[in-house]
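A short worksheet on the structure shown next.
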Amino acid sequence: MIDKLKALGDENRYSIIRLLLEKKHCVRALASKIGISEPAVSQHLKILKSCGLVTGHKAGYFMHYHVNKEALESIINELHLLLTIEPTQETENKKCCHGGEQ
């Protein structure tokens, strides 16, 4: 989960995800649309693939990439679970480590 959030924390990788959600793209098209080099796009895709956010398939000479929507949904679900955590009565009454009230 943390690796996926770190991957999405980079502006270029976030842009790649947004573009790939619209339609499948090859490295050259992504580089052109984002305004970075093809090797840079390839490195970003490597990170996105390693955490399961992006997959690719060969189409002729080119590799076309798309988003693994199930991986995105797992992030959404995990973040939604975080929102359901409520402080317990015990933790609400405890002082923080610096001696002050939380």
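The values are calculated or read from the model by the stated rules, or taken from the named source; none is laboratory data. Because the structure is predicted, anything quoted here is derived from the model rather than measured. Ideal geometry is used to build each Cβ from the backbone, glycine not excepted, and the neighbour counts take in all protein chains shown. Accessible surface is based on the protein model in full, side chains and every heavy atom, while ligands, DNA and RNA are left aside. Shrake-Rupley method; radii C 1.70, N 1.55, O 1.52, S 1.80 Å.
When residues in segment 16-32 are screened for being open to solvent by less than 40 Å² (accessible area, probe 1.4 Å) and more than 13 Å from Ile47 (Cα to Cα), 8 of them pass. For first residues located in segment 1-27 and within 21 Å of Asn77 (Cα to Cα), partners that are part of a helix (DSSP H, G or I) and of a type in the set (Asp, Glu) and lie 6+ apart or on another chain with Cβ distances below 6 Å form the pairs Met1/Glu78. Collect the residues in segment 38-56 that are open to solvent by 60 Å² or more (accessible area, probe 1.4 Å) and in contact with a helix residue (DSSP H, G or I) (Cβ under 7 Å, 6 or more places away or on another chain), keeping them in residue-number order. Glu38, Ile47 - these are the residues of segment 38-56 that are open to solvent by 60 Å² or more (accessible area, probe 1.4 Å) and in contact with a helix residue (DSSP H, G or I) (Cβ under 7 Å, 6 or more places away or on another chain).
So that you can scan it fast, the table gives a plain yes or no per residue for (1) β-branched (Val, Ile, Thr); (2) more than 15 Å from the chain's Cα centre (by Cα):
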{"site": "Leu45", "(1), (2)": "no, no"}
{"site": "Val54", "(1), (2)": "yes, no"}
{"site": "Ala59", "(1), (2)": "no, yes"}
{"site": "His66", "(1), (2)": "no, no"}
{"site": "Glu70", "(1), (2)": "no, no"}
{"site": "Ser74", "(1), (2)": "no, no"}
{"site": "Glu78", "(1), (2)": "no, no"}
{"site": "Leu81", "(1), (2)": "no, yes"}
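Can you spot a residue in segment 57-68 that is in a helix (DSSP H, G or I) and open to solvent by 60 Å² or more (accessible area, probe 1.4 Å)?
Checking segment 57-68: not a single residue is in a helix (DSSP H, G or I) and open to solvent by 60 Å² or more (accessible area, probe 1.4 Å).
Taking the criterion of being touching a Phe, Trp or Tyr at 6+ places or on another chain (Cβ under 9 Å) and either among the basic types (Lys, Arg) or part of a helix (DSSP H, G or I) (or both), the residues of segment 34-55 that qualify are Leu45, Leu48, Lys49.
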